[in-house]
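As structure tokens, the structure follows; a few thoughts come after it.
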Amino acid sequence: MTTVEQDVRTFLAENFSLGRDVSHLSATQSLTERGFIDSVGIVELLTFLETRFDIQVNDDETIPENIDTIDNIVRFVGAKRGALEATARDVGA
């Protein structure tokens, strides 16, 4: 389990009615379809991701393919962080 995944699971456990142990939650399970989080929860999740991982989530990026499952969130954060690192390298070059 990656640090991003662990951080996301911890956030979900502490902020939503998932219980303290979210290891039972499949990384491919839809968070919204299963009723784990609602639209307000999505906003809280996005705020957490931006703050914790120092990324900026644009409105057009708030789609299920990026934030509806733990796997999608991990991939999305990784891509955003990779883009930030590439930009920083380009600016520094």
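The values are calculated or read from the model by the stated rules, or taken from the named source; none is laboratory data. Everything numeric in this text was worked out from a predicted model, so none of it was measured. We place every Cβ from the backbone using ideal geometry, glycine too, and count neighbours over all the protein chains shown. Surface areas here come from the heavy atoms of the whole protein model, side chains and all, with no ligands, DNA or RNA. Shrake-Rupley method; radii C 1.70, N 1.55, O 1.52, S 1.80 Å.
Couple of notes before you dig in:
- Whichever residue in the stretch 51-76 is at negative phi and not in a helix (DSSP H, G or I) and, among such residues, is surrounded by the most Cβ atoms within 10 Å (Cβ to Cβ): T69
- Scanning the stretch 67-83 for residues that are of a type in the set (A, V, I, L, M) and over 22 Å from F36 (Cβ atoms) yields a total of 2.
- Scanning the stretch 20-50 for residues that are in a loop (DSSP other than H, G, I, E, B), open to solvent by less than 70 Å² (accessible area, probe 1.4 Å) and of a type in the set (V, I, T) yields V22, T32, I37.
- Of all residues in the stretch 1-19, those satisfying the criterion of being surrounded by fewer than 13 Cβ atoms within 10 Å (Cβ to Cβ) and assigned to a loop (DSSP other than H, G, I, E, B) are M1, T2, S17, G19.
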